[in-house]
1. Filter the stretch 225-271 down to residues that are charged (D, E, K, R) and part of a loop (DSSP other than H, G, I, E, B) and give me whichever is surrounded by the fewest Cβ atoms within 10 Å (Cβ to Cβ).
2. What number of residues within the stretch 165-204 satisfy the criterion of being part of a strand (DSSP E or B) and over 13 Å from SER46 (Cβ atoms)?
3. Answer with yes or no whether VAL81 is touching a residue at least 60 places away in the same chain (Cβ under 8 Å), within 12 Å of the ligand (Cβ to nearest atom) and in a strand (DSSP E or B).
4. Within the stretch 31-78, track down each residue that is part of a loop (DSSP other than H, G, I, E, B) and within 17 Å of the chain's Cα centre (by Cα).
5. Determine if the stretch 141-155 includes at least one residue that is within 11 Å of the chain's Cα centre (by Cα), among the hydrophobic types (A, V, I, L, M, F, W, C) and buried (at least 24 other Cβ atoms within 10 Å of the Cβ).
6. Does ALA327 count as surrounded by fewer than 17 Cβ atoms within 10 Å (Cβ to Cβ), part of a loop (DSSP other than H, G, I, E, B) and over 26 Å from the mean Cα position of the chain (by Cα)?
7. When you look at PRO114, is it away from the ligand (no atom under 12 Å from the Cβ), without any contact (Cβ under 8 Å) to a residue 40 or more places away in the chain and crowded, with 21+ Cβ neighbours inside 10 Å, yes or no?
Amino acid sequence: MKVPFLNLERLHKPLNDEFSRALDQVLSSNWFVLGEQCGAFESQFSKFLKVANCIGVSNGLDALTISLKALDIGTGDEVIVPSNTYIATCLAVSNVGATPVFVEPNHATFNIDPKLIEQSITNRTKAIIPVHLFGQAVEMTEIEQLADKYAISIIEDCAQSHGATWLGKQTGSIGDCNAFSFYPGKNLGALGDGGAVTTNSIEIADKIKILRNYGSEVKYYNSIKGFNMRLDELQASFLSVKLKSLNVWTENRRVLANRYNAELNNVGDIVLPSIATGASHVYHLYVIKTKFRDALSQFLNMQGILTMIHYPIPPHLQKAYSELGFAKGDFPIAEEIANTALSLPLWPHMNTEEQSYVIDTIKTFFQ
Ligand SMILES: *Cc1c(COP(=O)(O)O)cnc(C)c1O
C-alpha cells in the first residue's frame, strides 16, 4: 500500500462540478480581479470567523507583510515571532524592514510560550506575531495582556489554523490584524495561491484595501505607496466552494488525530501532540516527536508511507538570516523540535485502512 502525505484529489473530486460552474461564471462575467467573487468570499469568510472585516489578498506571506505595513511597522522596529515558525513569518517582518525577534515555543504544544515573551520586549517592539502552528490555537490571553501593557500590536499568523479557536474565539478574530494563507495544501486552500487579512478595525480594513491595490482608492489617484496583493476572482470563487466543506473536513481531521493519539500512545519513545487548555486544534499537521525520527521516516518511506518534517531548519539557523548572527544552541527548544518532529500523513479523506497501515508500520518499527 502507498500512503501519500496529503491527497488533494479525493478532496477536490466531489467538488469538480461546482468548480466548473465557478469557472464558467467568472469567464462569462469577464471580470477577473477585485469583483463580486472576491467580495462574496470576503463576507462568507468573515462570517465564518465572526470577525468584522476580511480582505482577500494574494497569499499568506503577503497577508502578513501588508498587515505589518498597515500597522506602520518598518525600519528600526522589532517584531516578536516564534523561533520555530515557517520562514514566511520572518520574511514578512524583513519585507517591511523590521527585525524578527525570536521567542522559544513550549516544547509540548509547539506554540510560542507566552511566559517567555515579556523578557524579549524592548522599546523598539511594535508587534507580536503568534503563529497557530500545525493548527493549534496559541494561548492568547497572556499575549493580549502583554500587548495592552506595552501598547504593541498582535498579528495572528493563521496560515495553518482555519477554524481553530482560543477560548471559543476563532483564530483570526483576536489580533489587531490577522493573516491567512489559502495555499492549496492548507486546511482551506485555493486552486493556486491566495490569502486574506482579517480585522475588527474598520480603519485597518480600509487601509489594507488601499494597500493591496497600489495604494489607490480611486483609480490612478494614489494616496499611499501600495502593492499589488489582490485575491483574483477565480480563486475567490473556488474558495467559496471549498469553505462550505471546511467544518466537515476539520471534523474528519480530528477523528483521524484522535485515532493516532489512541493507537500511538506508549509506542516506543513517541511524544504525542498535546493541546493547551482553552485551545482547539484543527490538525493542519499531526506532528509527533521521537529521538529516532530520521530512521522512522526512512523506514516508513521504504514501506510506501510519506512523512514530512516541519521544519528541518529553524529560522535563526537559515542562511537567509545569517545577518542576525545566531548559532546552534541559541534556541534549543526550536532546535530540539527541528531534530525530533515528524509529521504523519493526515488529510480529511484518509481512509481507515491507510491509517491502520501507518499505525501498524510505526508499531513494527519500534518492535
Ligand atoms: C504557509 C504559511 C505561510 C505563508 O503562506 P503562503 O500562502 O504560502 O505565502 C505563512 N505562515 C505559516 C505559518 C505558513 O504555514
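The values are calculated or read from the model by the stated rules, or taken from the named source; none is laboratory data. All of these numbers come straight from a predicted model, not from anything done at the bench. A quick note on method: Cβ atoms are made from the backbone with ideal geometry, for glycine too, and the neighbour counts reach across all protein chains shown.
1. So in the stretch 225-271, the residues charged (D, E, K, R) come out as 225, 230, 232-233, 242, 244, 251, 253-254, 259, 263, 269.
Narrowing further to those that are part of a loop (DSSP other than H, G, I, E, B): 225, 230, 244, 269.
Values: LYS225: 9, ARG230: 22, LYS244: 12, ASP269: 12.
Step by step, filter the stretch 225-271, then rank; the result is LYS225.
2. Taking the stretch 165-204 and keeping what is part of a strand (DSSP E or B), we get 165-166, 169-170, 178-181, 195-199.
From the residues that got through so far, the ones that are over 13 Å from SER46 (Cβ atoms) too are 165-166, 169, 179, 181, 195.
Adding up the residues that qualify gives 6.
3. Working: touching a residue at least 60 places away in the same chain (Cβ under 8 Å): yes; within 12 Å of the ligand (Cβ to nearest atom): yes; in a strand (DSSP E or B): yes.
Against the criterion (touching a residue at least 60 places away in the same chain (Cβ under 8 Å), within 12 Å of the ligand (Cβ to nearest atom) and in a strand (DSSP E or B)), VAL81 qualifies.
4. Narrowing the stretch 31-78 to residues part of a loop (DSSP other than H, G, I, E, B): 31-32, 34-35, 50-52, 58-59, 71-77.
Selection gives SER58, ASN59.
5. Of all residues in the stretch 141-155, those within 11 Å of the chain's Cα centre (by Cα) come to none.
No - not one qualifying residue is present in the stretch 141-155.
6. For ALA327, the condition - surrounded by fewer than 17 Cβ atoms within 10 Å (Cβ to Cβ), part of a loop (DSSP other than H, G, I, E, B) and over 26 Å from the mean Cα position of the chain (by Cα) - is met.
7. Details: away from the ligand (no atom under 12 Å from the Cβ): yes; without any contact (Cβ under 8 Å) to a residue 40 or more places away in the chain: yes; crowded, with 21+ Cβ neighbours inside 10 Å: yes.
The answer is yes for PRO114.
Let's see how each residue does on (1) touching a residue at least 60 places away in the same chain (Cβ under 8 Å); (2) within 16 Å of the ligand (Cβ to nearest atom); (3) in contact with a helix residue (DSSP H, G or I) (Cβ under 7 Å, 6 or more places away or on another chain):
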residue: GLU233; (1), (2), (3): yes, no, yes
residue: TRP249; (1), (2), (3): yes, no, no
residue: TYR283; (1), (2), (3): yes, yes, yes
residue: TYR286; (1), (2), (3): yes, yes, yes
residue: ILE309; (1), (2), (3): no, yes, no
